[in-house]
Amino acid sequence: ARVAALLTDMLKSSRNVEIKGVRTLAAEPISAVQADAGGQESAASMYRHGVELTVAGQYLDLLGYLVAIEKLPVKLFWGGLSIDATQYPRNLLKLTVYTLSTEKKWLQI
């Protein structure tokens, strides 16, 4: 819920960036190898949770939005980014970000 609140607050503070869509992606299991106190290795269960954002605005406003995402106190991992400039100067940006968790259930938007 904290990540959703951060992304929502960022959109409110970005006056010139308009949200066009938000989609929560299904949790994807990933595995990581960890060693216990005895040195035995085991697979740790981790999940990658993604959010796909679609926003519109002028290029420099969208760039400022991306810079603000990178400055968040929560670590988000970039999954993909595409920009559609066919309606210049109004651009459409699609961004996918991920966070990691040991919990399969995370956030639903």
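The values are calculated or read from the model by the stated rules, or taken from the named source; none is laboratory data. Here the structure is a predicted model, which is why all the values come from computation and not from measurement. Every residue, glycine as well, gets a Cβ built from its backbone with ideal geometry; the counts of neighbours run over all protein chains shown. Ligands, DNA and RNA are excluded from the accessible area calculation, which covers all protein heavy atoms including side chains. Shrake-Rupley method; radii C 1.70, N 1.55, O 1.52, S 1.80 Å.
The residue of segment 66-109 that is most open to solvent (accessible area, probe 1.4 Å), among those that are in a loop (DSSP other than H, G, I, E, B) and at pLDDT 90 or above, is TYR88. Among residues of segment 11-26 that are farther than 11 Å from GLY50 by Cα and in a loop (DSSP other than H, G, I, E, B), those with a Cβ under 6 angstrom from a residue that is of a type in the set (Gly, Ala, Ser) and open to solvent by less than 80 Å² (accessible area, probe 1.4 Å), sequence gap 6+ or separate chain, pair up as ASN16/GLY57; VAL17/GLY57. Count of segment 55-65 residues, restricted to those that are in contact (Cβ under 8 Å) with a residue 24 or more places away in the chain and open to solvent by 70 Å² or more (accessible area, probe 1.4 Å), is 2.
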